[in-house]
1. Give me the pairs, please: first residue somewhere in the stretch 222-245 and crowded, with 21+ Cβ neighbours inside 10 Å, second residue anywhere and of a type in the set (Lys, Arg) and not in a helix (DSSP H, G or I), beta-carbon distance under 7 Å, and either six or more positions apart or on two chains.
2. Can you tell me which of (1) assigned to a loop (DSSP other than H, G, I, E, B); (2) modelled with pLDDT of 95 or more is the one Pro247 doesn't meet?
3. Would you say Pro154 is modelled with pLDDT of 90 or more and either open to solvent by 70 Å² or more (accessible area, probe 1.4 Å) or farther than 30 Å from Cys130 by Cβ (or both)?
4. Which of the residues spanning the stretch 63-80 are surrounded by fewer than 22 Cβ atoms within 10 Å (Cβ to Cβ), in a loop (DSSP other than H, G, I, E, B) and polar (S, T, N, Q)?
5. Does any residue of the stretch 122-144 turn out to be farther than 17 Å from Ala21 by Cβ, assigned to a loop (DSSP other than H, G, I, E, B) and not hydroxyl-bearing (Ser, Thr, Tyr)?
6. Looking only at the stretch 81-121, which residues are outside any loop (DSSP other than H, G, I, E, B), in contact (Cβ under 8 Å) with a residue 24 or more places away in the chain and either of a type in the set (Gly, Ala, Ser) or touching an Asp or Glu at 6+ places or on another chain (Cβ under 6 Å) (or both)?
7. Would you mention how many residues in the stretch 4-62 are in contact (Cβ under 8 Å) with a residue 40 or more places away in the chain, on the phi > 0 side of the Ramachandran plot and not in a strand (DSSP E or B)?
Amino acid sequence: LKKFAHVSTVYVVGRAGGRFAEAPFRRHNGFCNTYQQSKYEAEELAVRAMGEIPVSIFRLSSLIGDSATGRVHQFNHVHQLLRVLPFNVLAVAPGDPDAPIDLIASDWAVAALGHLFEHCLVPGQVYQICAGPEASLTLREMIGLTVEVFENHPAGRSLAPIRVPELVSLQAYEKYIEQSRLAGDRLLNELLRVLGYFLPHLAIFQAFENRHAVAGLEGSGLPFPPIRSYFGKVVEYCLETDWGRRPACRCRRYDALAPPRGVR
């Protein structure tokens, strides 16, 4: 066995806050969902095996969409947050306005992972394929750009006015949740339960370093696409397809880089 890559996520850190290096993570402050926990436990197994097999860990950040077209192949928690934003369903939401929201383009991530595995894999190393704090949008910027696209798009304007929830600390939000549960609104409580799988992250400052990945990609011809150059395209794609519920208009750009029929 020459090399083995374990594909993980930067969110193995769970509810812990701070700056996270490209290294095995051995502490946690709980998890928001079982996906994070299972990835954390899988990393523990990979680290344990490093003395026996040439294994490296590749942590991916949140994949947001294609950098050229905005096309989304798999809608995740980020897209669902964009979807609920204009419906004004919450009076408050957990959020640190200055926290970096680490997002990466799916086309770049796949190519970067392939290059690092083929040409730069060092057994025992951890690579964080992510934007890093300097190249990330802050939560305030992400909300502002989203609202701007909604207000300038026909499908988005139909949802106006958009009232952004007040951003509060995680402790204040959890108090709000408890009060809502006591009020007995079953529909709201179910929504809060689902949002609880990922919404708390917005109030936790998490910055992911990517020095190993950046060094490995040097000279690869895979420059990191700035999130500000395509984030709006992703929001437009969500609006025009109703978050994947209807096909994108074939006269537009979305099919330019679509895979051949039968290939995913």
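The values are calculated or read from the model by the stated rules, or taken from the named source; none is laboratory data. Since this is a predicted model, take the numbers as computed values, not measurements. Cβ atoms come from the backbone with ideal geometry, glycine included; neighbour counts cover every protein chain shown. Remember, those area values only see protein heavy atoms, side chains included, never the ligands or the DNA or RNA. Shrake-Rupley method; radii C 1.70, N 1.55, O 1.52, S 1.80 Å.
1. Final answer for the pair search is Tyr237/Arg71.
2. If we test Pro247 against (1) assigned to a loop (DSSP other than H, G, I, E, B); (2) modelled with pLDDT of 95 or more, just (2) comes out false.
3. Working: modelled with pLDDT of 90 or more: yes; either open to solvent by 70 Å² or more (accessible area, probe 1.4 Å) or farther than 30 Å from Cys130 by Cβ (or both): yes.
Yes; evaluated as a whole, the condition is true for this residue.
4. Passing the criteria: Thr69, Gln74, Asn76.
5. The answer is yes; a qualifying residue exists.
6. Correct list: Val92, Ala93, Ala105, Ser106, Asp107, Ala109, Ala111, Ala112.
7. Of the residues in that region, 0 qualify.
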